[in-house]
């Protein structure tokens, strides 16, 4: 049985569910998924391993027909942590752009499912930048046509207990006038958690004597973790700017480690990458706000990709609580 199951809980469907960060946060907020969709087998394996009672479907969203899954009709919430849409993507382009096509398929799914509310999480620029205007106009026109009211906003995971400077662009939509009862979540913490605070104990787990010194100087939130491309390259912590930010905390952001440092590791950032330690997948997951009990299927690169692409569960929980409050009014 899912956490906190009871008569007052609500039903949701999750698309592009990935490793389950958004679904986990929504579960904590009172939403139980009737169905979760993702087109990556390894992500579906992660979901099933952590929540065997969840109904997980390994399918491309573009091939999904809700008529074959009528339990999705009229759910309380359709939630989507979608692949990052690019500003250069044209809504009316003739050639296929996978991220944009997935977003459009999510909007089209609203016709069949008719949920009481919609939640889409994506890049903050989707909300704030003029270059994304045509995409916002497309979403707005389609949803207003279906009788939904929309609200766009940006939040930062660091304001909700996640030790990471990670801005999220969010659009929520409600039918039946429920938008009037919705208030975007506000910061739930008064002090931002730091990398050293979250990872200090794990760095010392194998007896590394410099762990406390390292943790003391890692006195700020992490830069945004980036999952990278599923189709090329190995696992690393993001683009050049992110790697530089990690290097200032004595972390090698160019790779992901198999284990934390041992007792003989000599931490000396002046030596460059050889004198710095990379993070492990569980450490990256901790910086995303996943609980230690949440496992990830696959080999190291696939596991890191799932972590980096995930919505931090604490963000999902706060969004879910705000949406749930509006739906219960």
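Data table
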read-out: Failed condition for residue 312, given (1) farther than 22 Å from residue 46 by Cβ; (2) buried (at least 22 other Cβ atoms within 10 Å of the Cβ); value: (1)
read-out: Per-region count, segment 187-203, residues without any contact (Cβ under 8 Å) to a residue 24 or more places away in the chain and assigned to a loop (DSSP other than H, G, I, E, B); value: 2
read-out: Total residues in segment 266-275, condition under 32 Å from the mean Cα position of the chain (by Cα), part of a loop (DSSP other than H, G, I, E, B) and surrounded by 11 or more Cβ atoms within 10 Å (Cβ to Cβ); value: 1
read-out: Selection within segment 245-265 - exposed (fewer than 11 other Cβ atoms within 10 Å of the Cβ) and free of Cβ contacts under 8 Å to residues at least 12 places away in the same chain; value: 264
read-out: Selection within segment 218-243 - touching a strand residue (DSSP E or B) at 6+ places or on another chain (Cβ under 9 Å) and in a loop (DSSP other than H, G, I, E, B); value: 218, 221, 223, 224, 225, 237
read-out: Flag if residue 285 is crowded, with 18+ Cβ neighbours inside 10 Å and either free of Cβ contacts under 8 Å to residues at least 40 places away in the same chain or not in a helix (DSSP H, G or I) (or both); value: yes
read-out: Single match in 207, 161 (criterion: in contact with a helix residue (DSSP H, G or I) (Cβ under 6 Å, 6 or more places away or on another chain) and either modelled with pLDDT of 95 or more or not assigned by TED's automatic domain parsing to the domain that holds residue 301 (or both)); value: 161
read-out: Among the candidates 242, 229, residue that is under 30 Å from residue 98 (Cα atoms), surrounded by fewer than 15 Cβ atoms within 10 Å (Cβ to Cβ) and not assigned by TED's automatic domain parsing to the domain that holds residue 185; value: 229
read-out: Among the residues listed as 140, 131, the single one being at pLDDT 95 or above and either assigned to a helix (DSSP H, G or I) or more than 24 Å from residue 167 (Cα to Cα) (or both); value: 140
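The values are calculated or read from the model by the stated rules, or taken from the named source; none is laboratory data. Quick caveat, the model's predicted, so the values are computed rather than measured. Cβ atoms come from the backbone with ideal geometry, glycine included; neighbour counts cover every protein chain shown.
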